[in-house]
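Here's the structure, in structure tokens; my notes come after.
The values are calculated or read from the model by the stated rules, or taken from the named source; none is laboratory data. Note that the structure is predicted; figures quoted are calculated from it, not measured. Methodologically, a virtual Cβ is constructed for each residue, glycine included, from the backbone with ideal geometry; neighbour enumeration extends over all protein chains shown. For the accessible areas, the whole protein counts, side chains as well, though only heavy atoms, and no ligand, DNA or RNA atoms are used. Shrake-Rupley method; radii C 1.70, N 1.55, O 1.52, S 1.80 Å.
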Amino acid sequence: MSKNITHEGVVVKIDRQDVHVLIVQHSACAGCHAKGACTASDSKDKIIVAKNRGEVFQIGERVLLVGSNSMAWSALTYAFILPLILSIALLFVLSGMVSEAMSCLCVLALLAIYYFVLFLFRNKLETKFVFYIEKQL
């Protein structure tokens, strides 16, 4: 299994150590032969800020964004797995104490607080989730 995740993109802006790369994010079924007849296939343009490792890039140049596989698993854990575990745990704790409706409201409040805390720590998380840029061969 590969230890890096790569994505093709185009350089749109260059700062000191950061390079802004435009990528096209496709849905899982965008490669299907029937995508013209289906409304589920879509794509979005995203700009990703990547760290430059000392190479010289030009605006409009095709490049590869590189991120570690462990970074992807960490993002998955923070975004989905941890909130799911916390929600289920809170539901079990509250199930015998309060009504079902109140339990659901408490879980929604917990999720709102959890994602707000993630939002507050976004600058710290930015240093953990770093993409690097390489020239495309």
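Conditions tested, residue by residue: (1) among the basic types (Lys, Arg); (2) modelled with pLDDT of 90 or more.
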position: Ala28; (1), (2): no, no
position: Lys35; (1), (2): yes, no
position: Lys51; (1), (2): yes, no
position: Phe92; (1), (2): no, yes
position: Gly96; (1), (2): no, no
position: Leu111; (1), (2): no, yes
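What residue, among those in the range 58-76 that are open to solvent by 50 Å² or more (accessible area, probe 1.4 Å) and within 13 Å of the chain's Cα centre (by Cα), is farthest from Thr6 (Cα to Cα)?
Across the range 58-76, the extreme among qualifying residues is Leu76.
Mind listing just one residue for me: the one in the range 1-26 that is open to solvent by less than 80 Å² (accessible area, probe 1.4 Å) and in a loop (DSSP other than H, G, I, E, B) and, of those, modelled with the lowest pLDDT?
Of everything passing the filter in the range 1-26, Ser2 is modelled with the lowest pLDDT.
So which of Glu134, Glu55, Glu126 is within 30 Å of Asn4 (Cα to Cα), of a type in the set (Asp, Glu), at pLDDT below 85 and part of a helix (DSSP H, G or I)?
Result of the check over Glu134, Glu55, Glu126: Glu126.
Pairs only if they're at least six apart or on different chains, beta carbon under 8 angstrom, first in the range 97-116 and surrounded by 11 or more Cβ atoms within 10 Å (Cβ to Cβ), second at pLDDT below 95 and among the small types (Gly, Ala, Ser); list them, first residue then second.
Once the first residue is surrounded by 11 or more Cβ atoms within 10 Å (Cβ to Cβ) and sits in the range 97-116, its partners that are at pLDDT below 95 and among the small types (Gly, Ala, Ser) give Ser103/Ser95.
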